[in-house]
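What follows is a set of notes on a single structure, which appears directly below.
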Amino acid sequence: MNSIAKTFVKKSSGDIVPFEQEKLIASLRRSGASQALIEEVLKEVEAILVDGVSTKEIYKSAFSVLKRRAKHTAAKYKLKKAILELGPSGYPFEKFVAEILKYQGFKTQTGVWVKGHCISHEVDVIAELDHQHFMVECKFHITFSRHCDVKVPLYINSRFKDIEKEYQKREEHRQKFHQGWIFTNTRFTSDAIQYGKCAGLQLIGWDFPKSGSLKERIDLAGLHPITCLSSMSKKEIQLLLEKQVVLCRQLKQNPKSLDSLGISERKKKAILKEVQDICELKQ
């Protein structure tokens, strides 16, 4: 495999970079792939690896092997793409973030109108735990190349300050710790991160911060979106999302959710088997 280390690949941003085999191996290991399966994937990828091949093609090649050999491993490998598929509205992403926070012990509400000092605001998620009170905004992008620039935390912070000023008029909120949070399924620019830190906002992106990123929170909680599933068509997944079924865990707890899809019992069993395997995946 030494020769492929000299190959240059094209990222979704258009940048040409050296192919990093170790990164691919690390992502496969995190997905739960066995050593034999990793070697099979590398062999498949090597067959298409030429200068200029896109990282998207490499991903598709790796995913096809995992899907054939171990669907639950394929589901975890697909996680980043699966989050992108929660769109296009972004509302399922808000529900997904609320579920992650709920798993961490927070009491959550979604889509809440809150009175500010100057005007009222719709807050994507309100999360409360003990004396902590967080106002969470969810910035969803349908492509990973879209990042949150500094305008996002600037805007969110102004809304948060307006809400916080009103909250602090209430006796029951004066002793609470208030903070604005921003979740995104992609990344923040360096200016956005710098401003967020300075303003006291909590920024959570796909791989930021190093401890407590969106990906880490999903892995630790074992909360995988139904868009991970390869046993279902996109249309079937969309129908469930419209019914606010966002998590594989929700299907595990309420398998009758599948009844509305008009699918065979055999397919239901296959879906629930994949769901069961995915729900057992944790770091």
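The values are calculated or read from the model by the stated rules, or taken from the named source; none is laboratory data. Because the structure is predicted, anything quoted here is derived from the model rather than measured. Please note: Cβ atoms are built from the backbone with ideal geometry, for glycine as well, and neighbour counts cover all protein chains shown. Side chains included, ligands, DNA and RNA excluded: accessible areas come from the protein's heavy atoms. Shrake-Rupley method; radii C 1.70, N 1.55, O 1.52, S 1.80 Å.
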The simple spin-label model distance between GLN175 and LYS6, using points 7 Å out along Cα→Cβ, in nm, is 7.0
Relative contact order of the chain (C-alpha contacts under 8 Å, at least 6 apart) in percent is 15
Ignoring GluC sites (Glu not before Pro) buried by more than 14 other Cβ within 10 Å or outside DSSP loops, the longest site-free run in the chain is 21-279
HN-Hα couplings for the range 199-205 via Karplus (6.51, -1.76, 1.60; θ = phi - 60°), in whole Hz with x for Gly/Pro, come out as 7, x, 7, 9, 9, 10, x
Counting all Cα-Cα pairs in the range 146-283, those more than 28 Å apart amount in percent to 42
Computed, not fitted: 222 nm per-residue ellipticity of the chain from DSSP H runs ≥ 4 (each -39500 (n - 2.57)), nearest 500, equal to -14000 deg cm²/dmol
In whole Hz, the Karplus estimates of ³J(HN,Hα) for the range 20-35 (6.51, -1.76, 1.60; θ = phi - 60°; x where Gly or Pro) are 10, 4, 4, 5, 5, 4, 4, 5, 5, 5, 4, 7, x, 6, 6, 4
GNM on the chain, Cα springs under 10 Å; top mean-square fluctuation among SER27, SER89, SER264 goes to SER264
In degrees, nearest 10, the alpha-carbon axis of helix 55-69 is tilted away from the dominant principal axis of the alpha carbons of the chain by 70
Distance in Å, no decimals, from the C-alpha centre of the range 79-146 to the one of the range 232-259 is 20
SASA check, SER231, accessible area w/ 1.4 Å probe, all protein chains in place, rounded to nearest 10 Å², comes out at 20
In whole percent, the Cα-Cα distances of the range 1-97 spread across 10 Å bins from 0 upward as 15, 43, 31, 10, 1
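Report the FRET efficiency, 1/(1 + (r/R0)^6), for LEU220 and ARG266, where r is their Cβ-Cβ distance and R0 is 41 Å, rounded to 0.05. Display every interim value, and only then the final one.
Details: r = 34 Å, r/R0 = 0.82.
Calculated value: 0.75.
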Heavy-atom accessible area of THR189, protein chains in place, probe 1.4 angstrom, given in Å² to nearest 10, is 40
Per the Cα gyration tensor, the chain corresponds to an equivalent ellipsoid with semi-axes, largest first in Å, of 36, 25, 15
With all protein chains in place and a 1.4 Å probe, ASP162 shows an accessible area in Å² (nearest 10) of 20
